[in-house]
Amino acid sequence: MKGKPVRAVVTVLALWCAGLGAAAQFGKMSFAYALFQARFPDHGPVGIGLLVSVAGIVGLVFGTTAGLLVAQIGPRRAIVAALALGAAMSAGQVVDLPYAALFATRVVEGFSHLAIVVVGPTMIAGLAPARHQGLAMTLWSSFFGVTYALLAVVAPGLLAGGDAGALFGLHAVWMAGLALVLAQLLPPDPAGVAHPMTGLLRQHGAIYASARIAAPATGFVCYTALYVAVLTLLPPLFPAPWQGPVAAAMPLVSIAVSLSFGVWLLGRMSAVRLVQAGFAVGAGAALVLGLAWGQVLVAVAAAMLLAGAMGIVQGASFAAIPQLNASALDRARASGAVAQLGNLGTTTGTPLLAALIAQGGPVGVAGFALVLCLAGIAIHAVQARRRAG
């Protein structure tokens, strides 16, 4: 009997490692950005930026469709195929591909990434026992932050020779290895499961009309729009000695708070309530940030508080998926919606905040964060009333 819990733990950790590989599909391009600028000077910053972001655009367009498709073909087959496909694309990127071919591999990686981030939380929610579900889902939610922290250590050495081949080759090996591991660890897909793939627009409408399936995603979009934009654009606004430390500390504080205090709180309140509490603390931090910007130590403390609050929101948002949805099908649909609206937030948040900073400086950051935090609280309040009614 002891073997089953141990196998479940190992499988959850392997799925989380697959999430690290999925996040690295973005991270490897971010860290190699300057190399591609030098390789493709005629494509400009927009063309190079698209190499990074196109994988996310796939998720924005096809997020909920992926949730439906995963339920159709089976989560085990979907994630193993996605990891193998991601490995193949990274292996192909080891050589110096022309821009069009590289862009095509990035589009394919977008589908690989999307399948992993839909299957990962769905399967973890099913594998983790109820008393540890909050911890397991919070661990999953950390995959992007942990990946970027690891790449910050590993990538510079691999890229030091002026070529991205070593970094991309390591990523290919990681993805292929996890495809083999998960093919052995994951339970077989249920036989005879079939869900109609016709009427996709109607099914999308049904997903977002559901106060249970859509709730995690409709709050999560406020988080992604805020978190990525603030981590990118807030640190450079601080005086020079503080910029580097703030940029390094904010994601680490977010991860640490999520995996410690966030997990502890999930054992004491519902995930939705915790999301709202995190947004409330974030709103307070935004007010302090705006009112005390001239006092550097207070502003830095407010930035750390905001990062910690968003770590709480991040973990609790994923924990809300299984708390609100009992069936594997609904969890897959909810995960697809989270992927879709999460990509909407990451795509729109940074340019919007950049425009606000150009008009209002640090006050624009504070106002942006305050509005999104209050919107996150209000959205979950509306969805909770709909579920109660």
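Where a number appears in this text, it was derived from the coordinates with a stated rule and is not lab data. Treat the numbers as computed from the prediction; the structure is a model and nothing was measured. Every residue, glycine among them, receives a Cβ derived from its backbone with ideal geometry; neighbour counts consider all protein chains shown.
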> Among the helices of the chain (complete DSSP H runs), which have Cα atoms covering no less than 20 Å along the helix axis and a Kyte-Doolittle mean of at least 1.0?
Replying inline: 44-73, 99-127, 143-159, 165-185, 215-233, 240-257, 271-291, 296-324, 362-388
> What is the order of SER53, SER258, fewest Cβ neighbours within 10 Å to most?
Replying inline: SER53, SER258
> Taking amide H positions as placed 1.01 Å from N in the peptide plane, with prolines and chain starts having none, which residues 5 or more places from ALA32, or on another chain, fall under 5 Å of its amide H?
Replying inline: none
>> Taking the Cα centroid of the stretch 323-376 and of the stretch 112-186, what is the distance between the two, rounded to the nearest whole Å?
In response: 22
> What's the Kirkwood radius of the stretch 198-389 in Å, using all Cα pairs?
Replying inline: 16.9
>> Can you give me the Rg/Rh ratio for the stretch 178-294, using Cα atoms for both radii and the Kirkwood formula for Rh?
In response: 1.10
>> From the mean inverse distance of alpha carbon pairs (Kirkwood) and the Cα radius of gyration, derive Rg over Rh for the chain.
In response: 0.96
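Counting other beta carbons within 10 Å of each Cβ, put ARG385, ARG106, ARG273 in order, fewest first.
Lowest count first: ARG385, ARG273, ARG106.
Kindly provide the helix-only [θ] at 222 nm of the chain, computed as the sum of -39,500 (n - 2.57) over DSSP H runs of four or more divided by all residues, to the nearest 500 deg cm²/dmol? Could the numbers behind the result be given before it?
On the way: 16 runs with 322 residues, N = 389.
Mean residue ellipticity, 222 nm, calculated: -28500 deg cm²/dmol.
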> Separation between the ALA292 and ALA38 pseudo-spin-labels, each 7 Å from Cα along Cα→Cβ, expressed in nm?
Replying inline: 4.3
> Ranked by Cβ crowding within 10 angstrom, fewest neighbours first, how are ILE57, ILE377 ordered?
Replying inline: ILE57, ILE377
